[in-house]
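The values are calculated or read from the model by the stated rules, or taken from the named source; none is laboratory data. Since this is a predicted model, take the numbers as computed values, not measurements. Cβ sites come from the backbone with ideal geometry, for glycine too, and all protein chains shown count toward neighbours.
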Amino acid sequence: MRCPYCLNEDTKVIDSRPYFEGESIKRRRECPNCEKRFTTYETVELSQTFVIKKSGGREKFDRDKIIRGLELATIKRDVQHEKLETIVFDIEKTIQNNLNSEITSTELGNLILEKLFQLDEVAYVRFMSVYKDFKDIKSFVEIVEKVNQKKILEEDGNKNEYE
Ligand SMILES: [Zn+2]
């Protein structure tokens with residue numbers, strides 16, 4: 001965002017908060033050149049959000065691509081499409097609340113995994129296997145154990161409900 005005072009190209013976000021129930025974001029910015037501060041009200045268009053890849057390259061945030069990845073991970077699983085839309089929506093909200101409208105591909109992957117872990121363990125393992133690019137069987141086994149652990153906890157939780 002360009003500084004309205006000295007037209008410096010680069011300004012720094014110093015505060016960001018959702019405004020109008022998240023439909024636009026109020027941002028307090030400071031220009032590193034003239035040190036003036038100003039407020040912007042930005043409607044976040046996620047097409048302007050960037051994912052920073054491990055290679056350092058930047059790529060536009062692509063919700064369809066995430067949906068496709070989630071669809072692949074949940075093939076033949078009893079997961080409603082609506083749930084996938086909700087995951088992406090939650091992720092979009094999270095990015096909107098970031099200070100720079102940027103997210104690294106690692107952060108994005110971890111966000112997706114976190115949501116999938118809650119949703120469906122098979123989908124979680126599938127997504128993980130593609131995303132983390134398992135280097136050996138050991139890391140794969142660790143993930144499956146993590147999922148098993150979650151199942152055990154859930155089953156215990158369910159039992160308690162009926163006691
Ligand atoms: Zn300035």
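The rows are residues; the columns are (1) touching a residue at least 60 places away in the same chain (Cβ under 8 Å); (2) over 23 Å from V125 (Cβ atoms).
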site	(1), (2)
D64	no, yes
R68	no, no
E85	no, no
K93	yes, yes
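Of these, E102, E30, E107, E45, which one is modelled with pLDDT of 85 or more, among the acidic types (D, E) and under 19 Å from M1 (Cα atoms)?
Of the residues listed, the single one that is modelled with pLDDT of 85 or more, among the acidic types (D, E) and under 19 Å from M1 (Cα atoms) is E30.
Looking at the stretch 1-27, which of the residues that are under 19 Å from N97 (Cβ atoms), hydrophobic (A, V, I, L, M, F, W, C) and at pLDDT 75 or above is surrounded by the most Cβ atoms within 10 Å (Cβ to Cβ)?
Selected residue: V13.
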